[in-house]
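One structure is given here, and the rest of the page talks about it.
The values are calculated or read from the model by the stated rules, or taken from the named source; none is laboratory data. Here the structure is a predicted model, which means the values were calculated and not measured. Here Cβ is always computed from backbone atoms with ideal geometry, including for glycine, and neighbour counts include all displayed protein chains. Side chains are part of the model used for accessible areas, which takes the heavy atoms of the whole protein and leaves out ligands, DNA and RNA. Shrake-Rupley method; radii C 1.70, N 1.55, O 1.52, S 1.80 Å.
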Amino acid sequence: MRIVFKTDYMQDIRPWKDGYQLSLYLLLLVVAIAAPWWLDDFYLGELTNVLIWAIAGLGLMVLTGHTGQASLGHAAFLAIGCYANIILVEAGVPFMIAFPVAGLITGIIGATVAVPALRLHGIYLAIFTLAMSILMDDIIVLAEPITGGVAGKYAPPVGVFGFMVDRWGTPNEFYWLTLGVVVLVTLGYINLLRAPLGRSFIAVRDSEVSAQAMGVDISRTKTISFGLSCMVTGWAGALMGLYAGAFNNETFSVVISIQLLMMIVIGGLGSIHGAFFGAIVIGFLPQFLSIAKEYVGAVFGGSTVAIPGLEFGIFGMILIAFILFEPMGIYGRWLKIRTWFELFPFYRKDMFKRQKSYLKTERLR
């Protein structure tokens with residue numbers, strides 16, 4: 001069993017537990033950087049898709065996982081980030097300026113929407129954000145002179161530090177661009193959770209009444225959380241548009257919002273790792289099903305025709321299984337396995353027993 005003794009405050013608040021954990025993260029980063037040399041273009045594209053989903057998951061995790069505000073409308077902010085980025089690039093703005101500005105525009109719109117939305121709680125907030133996601137489809141169609149309407153828009157190659165980056169023409173460079181955004185967003189997220197603002201998010205999630213008693217401005221904290229969440233989601237939408245190459249009003253449907261929420265639940269609510277685990281599931285599940293159907297057809301001689309709704313059906317069953325048997329998600333299960341090995345043979349079965357008590361002040365929300 002490995003025990004870490006902390007001897008000062010800086011050691012307690014640093015992003016990694018010890019040098020061993022830091023070395024594992026650095027090794028993972030090196031493997032990710034070297035991916036274009038040991039993966040072909042197809043699997044590199046799938047890994048890029050996973051990283052984009054991870055950014056979107058991190059955006060929703062800020063709001064739902066660490067502030068406790070359920071949202072079913074983040075597909076709308078994916079669309080805003082995507083269209084804002086392409087419109088700015090078409091207007092002649094360099095991509096290195098257009099990309100961060102697209103996220104800022106999305107964050108400002110999200111914070112503005114949050115002012116009336118976050119007066120609601122629980123299912124009512126989820127319904128409000130769901131309606132917003134549905135309305136975005138009509139807004140894109142009505143704003144045809146700007147958005148292209150039903151015909152949509154095409155994502156041109158973009159310039160990054162003098163290099164032209166294109167999803168299909170230069171997949172390696174596009175992967176590294178996406179990986180760089182993932183690293184920056186993750187580092188920013190880690191430092192946010194260590195800051196007073198991030199601790200305020202968690203306090204609001206655990207109990208609004210208790211947080212208010214400790215001096216946390218509930219409305220301000222929720223608004224900032226919604227804005228930051230939408231900003232990160234907007235960056236994911238911008239990359240998603242570049243990855244797709246072409247998009248219209250149907251690209252960012254309400255189904256994307258539902259997938260995002262299910263993704264972070266499966267990965268593990270309230271953890272940065274959970275966004276990545278959930279992205280791996282949602283990114284590789286379609287390819288796994290496709291390979292599995294071909295394998296079954298080759299072994300048993302059956303048909304490999306696509307079955308409508310198969311992907312969402314299996315994804316739904318996975319979600320139900322996690323809600324029933326592992327509410328903490330994939331990351332929660334990993335924590336239990338790791339703790340079992342660290343404490344063996346002193347591990348107790350009820351150490352992670354599900355909490356069933358609630359504050360009276362929160363029960364009716």
Review point. Say we look at region 21-67 and pick out the residues that are among the polar types (S, T, N, Q) and closer than 30 Å to A117 by Cα; which of these is most open to solvent (accessible area, probe 1.4 Å)?
Key: T64
Review point. Could we say that K17 is among the charged types (D, E, K, R), open to solvent by 20 Å² or more (accessible area, probe 1.4 Å) and free of Cβ contacts under 8 Å to residues at least 12 places away in the same chain here?
Key: no
Revision key, fill the gap. Reported set for region 319-333 where residues are surrounded by fewer than 16 Cβ atoms within 10 Å (Cβ to Cβ) and assigned to a helix (DSSP H, G or I) is I320, A321, I323, L324, F325
Check your understanding: If only one of L72, L63, L44, L125 is farther than 21 Å from G169 by Cα and out of contact with any Ser or Thr (no Cβ under 6 Å at 6 or more places or on another chain), which one is it?
Key -> L125
Check your understanding: From the set of residues in region 266-296 that are over 16 Å from the mean Cα position of the chain (by Cα) and among the aromatic types (F, W, Y), which is surrounded by the most Cβ atoms within 10 Å (Cβ to Cβ)?
Key -> F288
Point to revise | A70 of a type outside the set (V, I, T), open to solvent by 20 Å² or more (accessible area, probe 1.4 Å) and within 15 Å of the chain's Cα centre (by Cα) | key: yes
**Study point:** Filtered residue count, region 228-249, keeping only those that are small (G, A, S) and either open to solvent by 10 Å² or more (accessible area, probe 1.4 Å) or at pLDDT below 90 (or both)
**Key:** 3
Exercise for review: Search region 88-135 for residues being touching a strand residue (DSSP E or B) at 6+ places or on another chain (Cβ under 7 Å) and in a helix (DSSP H, G or I), and hand back the single one that is least open to solvent (accessible area, probe 1.4 Å).
Suggested key: F95
Exercise for review: Show the residue pairs that are 6+ apart or on different chains and have beta-carbon atoms under 7 Å apart, the first residue being within region 324-345 and at pLDDT 80 or above, the second being surrounded by 10 or more Cβ atoms within 10 Å (Cβ to Cβ) and acidic (D, E).
Suggested key: G332/E326; R333/E326
